[in-house]
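Comments concern the structure below.
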Amino acid sequence: MIPFLDLNQINQPYLQAIEEATLRVLRSGWYILGKELAEFETAFAKYCDAAYCVGVANGLDAITLILKAYDFQEGSEIIVPANTYIASVLPVNYLHLVPVLVEPDHNTMLLDPARIEESITSRTKAILTVDLYGRSCEMNEIRRLANQYNLKVITDAAQAHGAVFKGQKVGSIADATAFSFYPTKNLGALGDAGAVTTGDGALAERIQYLRNYGSKERYKNDFQGVNSRLDEIQAAILRVKLPFLEADNQVRRGIAKRYLAEIKLPGLTLPPADRIDEDAWHLFVVRHPDRNSLTTHLEQCGVQTNIHYPLPIHKQRAFAHLNDLSYPITEAIHEQVVSLPLNPVLQDEAVSHIIHSVNAFEHSK
Ligand SMILES: *Cc1c(COP(=O)(O)O)cnc(C)c1O
C-alpha cells in the first residue's frame, strides 16, 4: 500500500539532527520562550520575507490571536471562505465575531474575489483568506477590495508555507498571516506549533503579549492574554527542518507536474496548473463525480487517498445555526474531492503507479 503520508519516513532524514537539537534543549534547562524560539522566529520571518514572526502554540491559536490583537468589536463581520477546514472559522465565532461565508471560485476552489464585494456590509472588518491545498488566493483583487472598504487582510496559510503569489512569498502579502506546524504540514514539528508573520510591528508586539497571559515583563500584565507559546523543543526541531523546506516544496512541485501532465481520465478535474512552480502543493486535490468508486478503486490498486474535506462547515453540527444555508459550489466540491498522495518522500515509481491507477479507473468499471 502506498500510504497517503508516512510521518516516520518524512522525519527519517532529520533523525540525528533532531536528536541533537532536542538534547541541546534538554541540557539547557530552558524550555519556554528562549533562544531556540527567538532564532526560529528570525529564520522563519526571513524565509517568508516578513518583518516579524511570533511563534504560538498552534495554527488555530495563530488565527485567534491575530483576530484578538486587532480587537474588532463584538459582532463585527469577517469574510471567510465557505470551502475551508473548520479551524479557519472557529476562531471567528470563538471571539464573538460573525463569519460571513463566501463561495469559492469553481476552478481554484479558493475564495472567489468576484463574490466578496456583495458580502461586505458596514460591519465588515476583515477578509480572512485561506491558501487551501498550498495555493495563494488572488491577493491583488482582495487587497484592492480591502483598501476600498478599509478592511484588514488576514491569511490562514496553514497549508501554504513557501507558496508564492506574483513574486511575493505567502507570509508577506496579507496584513497578518497564520501558520501551523502540525506534523503533517509542509513544515511540520513533532507536536503542535504555529506562528504569525506580519509587517506590522505593533501587531506583532501585541501578539507577543497575548500569547503569554498579556505579559512581556514577568508579573506585569497589560492585556488579558492566553497561554499559547511555541516551546523550545519544537522550535529547535523546526530550526532543523526549515532549511530543507524549499527543497521539499520543489519535490512536491515535480510530483504535481507529473500528475498534471500524465493523469488523463475523462470526467476527472485536475487542480489548476497555471502556477505549478509557485504553489506549495500541500495537497493534490482532484474531483470526480463518482468520487467514492474512485477511492475504492485506488484502494484496490494499493493507493491510500484522503478527503479534504467530506463535510462543509455550514453542514457541521458545530455550526447548527448555519445548517439551512446553501453554498452549492462548496457542497459540490465536498462531494467530489479526493486527495492523491503527494509528499517529499514519495518515490518516482509510486508516482507512476498512482498515475497508472487513476488512468485505469474507467476500465475497471
Ligand atoms: C491545519 C490547519 C489549521 C489548524 O492548524 P493547527 O496547528 O492544527 O491548529 C488551520 N487551517 C488550515 C487550513 C489547516 O490546514
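A short reminder: the numbers here are calculations on the coordinates, not readings from a lab. Computed from a predicted structure; not experimentally measured. For neighbour counting, all protein chains shown are included, and Cβ atoms are generated from backbone atoms with ideal geometry for every residue, glycine included.
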**Mean separation of Cα contacts under 8 Å, 6 or more apart, over the residue count of the chain: relative contact order %** = 21 percent
**Request:** Mind giving me the nanometre distance, one decimal, between the label points for residue 299 and residue 27, set 7 Å out from Cα along Cα→Cβ?
**Result:** 4.9 nm
**Request:** Please work out how much length the chain gains when fully extended from residue 106 to residue 292, using 0.36 nm per residue of separation minus the C-alpha to C-alpha distance, in nm with one decimal.
**Result:** 64.9 nm
**Message:** Please compute the length gained on full extension between residue 223 and residue 202, using 0.36 nm multiplied by the number of residues separating them and subtracting their Cα-Cα distance.
**Reply:** 6.2 nm
**Fill in**
Rounded to whole angstrom, the alpha-carbon centroid of region 20-38 lies from that of region 187-258 at a distance of 15 Å
**Message:** For the pair residue 335/residue 352, report the inter-label distance in nm, with labels modelled 7 Å from Cα in the Cβ direction.
**Reply:** 3.8 nm
**Complete:** Across 117, 331, 77, the residue with the highest GNM fluctuation in the chain (Cα network, 10 Å cutoff) is 117
**Message:** Per DSSP helix of 4 or more residues, -39500 (n - 2.57); summed, then divided by the residues of the chain. What does that give at 222 nm, rounded to the nearest 500?
**Reply:** -10500 deg cm²/dmol
**Prompt:** Taking springs between alpha-carbon atoms closer than 10 angstrom, which of 80, 153, 240 fluctuates most in the Gaussian network model of the chain?
**Reply:** 240
**Asked** Cα gyration tensor of region 1-154, axes a ≥ b ≥ c as square roots of the eigenvalues: rounded (a/c below 1.5), prolate (a/b > b/c) or oblate?
**Response** prolate
**Request:** Rounding to the nearest 20 debye, state how big the charge dipole of region 1-94 is about its Cα centre with +1 on each Lys and Arg Cβ and -1 on each Asp and Glu Cβ.
**Result:** 220 debye
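Compute the length gained on full extension between residue 9 and residue 306: take 0.36 nm times their separation in residues and subtract their Cα-Cα distance, giving the result in nm to one decimal. Before the final figure, lay out each step's value.
Values: separation 297, 0.36 × 297 = 106.92 nm, distance 1.82 nm.
Roughly 105.1 nm would be gained on extension.
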**Complete:** Inter-part gap, Cα centre of region 269-295 to Cα centre of region 312-340, in whole angstrom, is 18 Å
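Under a Cβ-only charge scheme (Lys and Arg +1, Asp and Glu -1), can you give me the dipole magnitude of the chain about the Cα centre, in debye to the nearest 20? Working shown, then result.
Working: 34 positive and 43 negative charges, 96 e Å.
It works out to roughly 460 debye.
Can you tell me which of 86-93, 215-222, 258-265 comes out highest on packing, and rank the rest after it, using the mean Cβ neighbours within 10 Å? Please report the intermediate quantities before stating the final value.
Values: 86-93: 20.6, 215-222: 10.9, 258-265: 15.0.
Final packing ranking: 86-93, 258-265, 215-222.
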**Charge dipole (the chain, unit charges on Cβ, about Cα centre) - positive-most of 350, 54, 153** = 54
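As an exercise, identify the chymotrypsin sites (Phe, Trp or Tyr not before Pro) in region 20-75 lying in DSSP coil whose Cβ has no more than 13 other Cβ atoms within 10 Å. Don't skip to the answer; put the middle values down first.
Numbers: sites: 30, 31, 40, 44, 47, 52, 70, 72; in loops: 30, 31, 72.
Answer in residue order: 30, 31.
How would you classify the chain from its alpha-carbon gyration tensor, with a ≥ b ≥ c the square roots of the eigenvalues: rounded for a/c under 1.5, else prolate if a/b is greater than b/c, otherwise oblate?
On the way: a/c = 1.96, a/b = 1.21, b/c = 1.63.
Oblate, since a/c reaches 1.5 and b/c is not below a/b.
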**Complete:** So, relative contact order of region 201-311 in percent, Cα under 8 Å, 6 or more apart, is 14 percent
**Gaussian network model of the chain, springs between alpha carbon atoms under 10 Å - residue of 26, 60, 95 with greatest fluctuation** = 26
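Could you list 166, 68, 35 in order of exposure, starting from the residue whose Cβ has the fewest other Cβ atoms within 10 Å? Don't skip to the answer; put the middle values down first.
Working: 166 11, 68 21, 35 14.
Starting with the residue having the fewest Cβ neighbours, the order is 166, 35, 68.
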